[in-house]
Amino acid sequence: MGKRLSVSLRQAGPIPLDVEFTCGAGDVLAVFGPSGAGKTTILRSIAGLYRPTLARIDSDGQRWVDTSAGIFEPPHRRAVGFVFQEYALFPHLSVAGNVMAALGHRPRPERRARADQWLAQVHLAGYSDRRPQQLSGGERQRVALARALAREPAVLLLDEPFSAVDRPVRRRLQQEVDTLRRTLDMPLVLVTHDFDDVVRLATHLLVVEQGRAVASGPLRELTSRPDLSWLREAVGLGSVFDASVIRTHPSSGLVELAFDGGTLLAPHRQLAAGARVRLRVPAREVILATAEPTGLSLHNAVAGTVSAIHADPVFDQVIVQLAVGQVLLLAEVTSDAVRSLRVEVGRRLHALIKSVSIEVLAIHPE
Amino acid sequence: MDWTALRVSLFLGIGSVAVLLPVGIWCGRQLAVRDFRGKLLLEALVSVPLVLPPTVLGFYLLVMFGVRSPLGAAFQAIIGRSLAFSFEGLLLASAIANVPFVVQPIQRAFEAIPPDVRDAAACCGLSPWQRFFRIEAPLAWSGILTASVLTFAHTLGEFGVVLMVGGNLPGETRTLSIAIYDRVQAFDDSGAGVMAATLLVVAVTTLMMTTTLSRRMSVRRG
């Protein structure tokens with residue numbers, strides 16, 4: 001059990017806070033919520049840039065804050081890597097100089113070589129002598145990431161790291177962060193208001209509203225809960241789970257994906273057999289049937305058992321949770337359909353999913 | 001040409017910068033990054049010498065430096081001379097008169113550093129002193145330079161405060177500006193002209209140097 005971060009923050013104002021969570025090495029905890037929900041304040045509290053009224057933060061066996069015991073380590077004595085939303089590079093230093101600023105814990109003669117190594121790791125080899133002003137947004141973000149990692153931190157904090165770059169760069173950066181975190185033995189806390197970041201990167205999710213934790217837990221568990229109306233309104237419900245490619249069908253452009261409970265077909269051209277993927281099945285795209293249908297242009301019909309039903313009183317809709325092997329799928333149906341199909345917990349049903357509606361995310365080629 | 005007066009002026013200019021800069025950097029930075037009770041009042045106080053007529057400022061300083069005030073009495077007791085009408089008194093008065101010229105540009109310069117950059121420096125593991133010398137001071141450099149030049153130039157030209165606090169003692173408190181006035185009073189227009197031209201040259205040179213320096217810095221920074 002490597003480095004572990006545990007955080008407990010509480011205060012009534014000026015920014016209300018009431019959260020408690022832990023994050024293990026290799027985990028990516030996404031702190032998700034609308035703008036102004038206090039997400040950044042949580043991150044700043046971990047770094048020591050903000051002092052909440054009541055706080056206790058332990059990292060890698062060290063107590064960083066304990067307001068009840070009067071302990072408060074200033075930011076420069078906490079091993080944190082912080083990637084700021086607007087990069088916050090030092091404009092008067094070169095790219096290498098920026099990274100070297102975080103290498104104070106290493107002997108002076110080593111620093112330049114180490115800075116170059118970190119830059120190579122974020123695919124910026126050869127950029128050492130450039131100035132931050134000469135870089136694109138994506139490149140600046142990579143320098144910021146190299147600088148944060150160069151500190152060899154016990155926890156990596158990312159504040160909306162992709163919000164200032166455009167889509168294609170965003171995808172690439174997301175993928176690089178995902179690759180990096182597999183090699184890093186540290187907890188990673190990611191603040192975002194974009195659910196795309198969450199489904200692509202996170203292993204755990206903390207939903208924050210007005211500084212309060214609305215829901216928290218492993219991503220797979222939370223996204224398969226039928227009762228999170230907040231999440232439903234914000235991004236729509238949909239189970240997120242992992243799968244691997246077992247076969248490709250180049251003629252049809254479809255790939256066959258195996259998950260803990262069966263197989264699914266989804267359109268994707270770039271995947272090879274053996275690749276691990278993350279899937280999201282939106283609840284609105286799932287149709288329930290009492291028998292396996294025939295004569296439909298449908299690739300995916302998986303059998304499962306109803307494990308939970310949540311009737312949303314506000315909408316005239318019902319969220320049905322269906323256990324398909326180890327995976328819990330969600331289906332959003334009308335209350336009328338629930339009556340006519342006699343949906344109840346324990347009933348065997350078929351979930352019909354159009355292959356094009358399956359979102360294939362976060363590809364890690366094996 | 002009154003060389004002694006030129007020497008007094010230059011010493012006073014350099015001395016004022018030397019005395020004021022550390023105070024101005026500390027005070028300007030505090031005003032820029034801290035939020036505290038009484039900040040508005042302090043900012044107003046810092047600007048007072050800007051709007052107060054120099055003779056009024058000089059009068060209050062003279063009263064403050066007199067042997068009947070605690071400061072004047074203490075100086076007299078320790079050094080054995082009067083603070084008023086001495087170079088030390090003049091230096092202190094000049095420093096006080098120049099507070100806004102130092103604090104304001106430095107405050108603006110520190111305010112221009114994005115808070116995230118300051119925070120990033122802390123998260124890089126830099127101690128407060130390292131943060132100041134390696135990140136903040138280099139970024140606020142142009143403001144510090146402007147402050148120094150403004151103070152130097154302003155001190156060379158100061159008249160009202162100098163006359164009130166320093167009087168007109170050759171080699172002690174007679175600066176070039178006072179000497180010029182003296183020459184004009186004595187109908188020595190050519191003597192006044194030479195000294196006036198000297199001050200003009202010094203002023204233009206300093207401004208050119210500053211512009212060149214700050215332009216070079218901004219080019220390097222892209």
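Straightening the chain between B:Trp141 and B:Val201 buys 19.1 nm, computed as 0.36 nm per residue apart minus the Cα-Cα spacing.
Out of residues 5 or more away from A:Asp27 or on other chains, whose amide H comes under 5 Å of its own, with H placed 1.01 Å from N in the peptide plane? Sorted by chain and number, the residues that satisfy this are A:Leu188. Comparing A:Leu206, A:Leu298, A:Leu219 in a Gaussian network model of chain A where C-alpha atoms under 10 Å apart are linked, the largest mean-square fluctuation is found at A:Leu298. Here B:Leu126, A:Leu119 are placed in order of increasing Cβ neighbour count within 10 Å, fewest first, which gives B:Leu126, A:Leu119. Given in Å, the Rg to one decimal and the Dmax to the nearest whole number for the Cα atoms of the stretch A:238-364 are 14.9, 46. Rounded to the nearest 10 degrees, the angle from helix B:99-111 to the longest Cα principal axis of chain B is 10 degrees. Computed with the Debye formula from one identical point scatterer per Cα of the protein assembly as shown, without solvent, the log10 of I(q)/I(0) at q = 0.11 Å⁻¹ comes to -1.05. DSSP bridge analysis restricted to the stretch A:4-228 gives an antiparallel fraction near 60%, rounded to the nearest 5. Over all Cα atoms in the stretch B:110-222, the spread is summed up by Rg and Dmax: 20.8, 66 Å. Taking the inverse of the mean 1/r over every pair of distinct Cα atoms in the stretch B:1-89 gives a Kirkwood hydrodynamic radius of 15.6 Å.
Comparing Cα centroids, the stretch B:172-205 and the stretch A:198-260 end up 81 angstrom apart.
Multiplying the sequence separation of A:Ser251 and A:Leu361 by 0.36 nm and subtracting their Cα-Cα distance, what value in nm do you get?
Numbers: separation 110, 0.36 × 110 = 39.60 nm, distance 2.21 nm.
Once the chain is fully extended between A:Ser251 and A:Leu361, it gains 37.4 nm.
With the charge dipole of the stretch B:1-64 set up from +1 on Lys and Arg Cβ and -1 on Asp and Glu Cβ about the Cα centre, the Cα lying farthest toward the positive end among the listed residues B:Thr55, B:Val17, B:Phe36 is that of B:Phe36.
What's the angle, to the nearest 10 degrees (0 to 90), between helix B:87-97's Cα axis and the longest principal axis of chain B? Helix B:87-97 sits at roughly 50 degrees to that axis. Working note: Cα atoms of the stretch A:1-123, range along each principal axis, descending, whole Å: 46, 32, 26. In angstrom, the C-alpha Rg and Dmax of the stretch B:3-221 are 19.6, 66. Under the simplified labelling scheme, the B:Leu21-B:Met208 pair shows an inter-label distance of 2.3 nm, with each label point 7 Å from Cα along Cα→Cβ.
Contact order normalised by length for the stretch A:1-112, with contacts defined as Cα pairs under 8 Å and 6 or more residues apart; what percent is it? Write out the running numbers ahead of the final one.
Values: 128 pairs, mean separation 23.8, N = 112.
RCO, the stretch A:1-112: 21 percent.
For the Cα trace of the stretch A:4-228, dividing Rg by the Kirkwood Rh returns an Rg/Rh value of 0.97.
In this Cβ point-charge picture (+1 for Lys and Arg, -1 for Asp and Glu), the stretch A:49-149 has a dipole of about 220 debye about its Cα centre.
Considering only DSSP beta bridges where both residues belong to the protein assembly as shown, give the percentage that are antiparallel (nearest 5). Don't jump to the answer; show the numbers that get you there.
Working: 72 of 90 bridges.
Antiparallel bridges: around 80 percent, rounded to the nearest 5.
With contributions of -39500 (n - 2.57) from each DSSP H run of at least four residues, the per-residue ellipticity at 222 nm computed over the protein assembly as shown stands at -13500 deg cm²/dmol.
Between the residues A:Ala266, A:Leu349, A:Ser335, the greatest Cα displacement towards the positive end of the dipole of the stretch A:264-366, with unit charges on the Cβ of Lys, Arg, Asp and Glu, is found for A:Ala266.
So, with +1 on the Cβ of K and R and -1 on the Cβ of D and E, and no other charges, what is the size of the charge dipole of the protein assembly as shown about its Cα centre, to the nearest 20 debye?
Details: 60 positive and 51 negative charges, 212 e Å.
About 1020 debye.
Largest mean-square fluctuation among A:Gln85, A:Gln141, A:Gln117, in a Gaussian network model of chain A whose springs join Cα atoms under 10 Å apart, belongs to A:Gln117. Note on A:Lys39: lysines with a C-alpha under 23 Å away, same-chain residues under 8 apart excluded, are A:Lys3.
Every read-out reported here was derived from the displayed coordinates using simple, explicitly stated rules and does not represent laboratory data. This structure is a prediction, so every number in the text was calculated from the model and none was measured. Neighbour counts run over all protein chains shown; Cβ positions are idealised from the backbone, glycine included.
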